[in-house]
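Worksheet: the structure to be examined is printed underneath.
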Amino acid sequence: MAGVIYRYLVDDHARLDAALQRGDYPEFREGLLRHIGMEQKILLPIIGTTPLTERIHLDHGALASLLVPTPTPGILAAIRIILENHNPLEEGPGGLYEECERLLGPDVEQVLTRLRNAPPVPVAPHVDNQTSMDSARNALRRAGYTIII
């Protein structure tokens, strides 16, 4: 049975997917950065360092680095590939959301309130230079992706 944190964050995944699908990249970009921030600052510390949280952290780094340059077809394809692999780590059985709810027990509502109250993330203008592209490629490589952008 899906709990309240699971439902809240899966709904946010759906909102982000819809923004990306309809081409509303500014909404997608800001929303994904906020979503990553919620998971990094609120959820991952609940579990601590595990192979699951390390994998999620690497994916978050790759995704965040891809949000720096202006999106190209290659960058958009890379984001989609990562999300296809990443979202099941959070949503699937034994995933991040289920594990957090299991560990939180009766404190789940307090954490849900923190997630709901997470502020928007200030979004900087895109940076289109060799450094931003090299950083994105390095983050992809660290996360184990062989995607060409």
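Since every read-out is calculated from the coordinates, none of them should be taken as a lab result. As the structure is a prediction and not an experimental result, all values here were calculated from the model. FYI the Cβ positions are ideal-geometry reconstructions off the backbone, even for glycines, and counts take in every protein chain you see.
With charges set only on the Cβ (+1 for Lys and Arg, -1 for Asp and Glu), what does the dipole of region 4-142 come to about its Cα centre, in debye to the nearest 20?
On the way: 14 positive and 19 negative charges, 61 e Å.
With Lys and Arg at +1 and Asp and Glu at -1, about 300 debye.
What angle do you read, to the nearest 10 degrees and between 0 and 90, between the alpha-carbon axis of helix 25-38 and the longest principal axis of the chain?
Helix 25-38 sits roughly 40 degrees off the main axis of the chain.
Using the Cα atoms as the points, what is the convex hull volume per residue of region 4-142 in Å³? If you can, show how the numbers build up before the last one.
Values: hull volume 14.1 nm³, N = 139.
Once divided by residue count, the hull of region 4-142 is 102 Å³.
Taking the simple approach of a point 7 Å from Cα along Cα-to-Cβ for both Q21 and T131, what is their distance in nm?
3.8
If I stretch the segment between L103 and Q40 completely, what's the gain in nm (0.36 nm per residue apart, minus their alpha carbon distance), one decimal?
On the way: separation 63, 0.36 × 63 = 22.68 nm, distance 1.65 nm.
21.0 nm is the gain from fully extending L103 to Q40.
For region 1-17 and region 21-87, what is the centre-to-centre distance using only Cα atoms, to the nearest Å?
Distance between centres, Cα-based: 15 Å.
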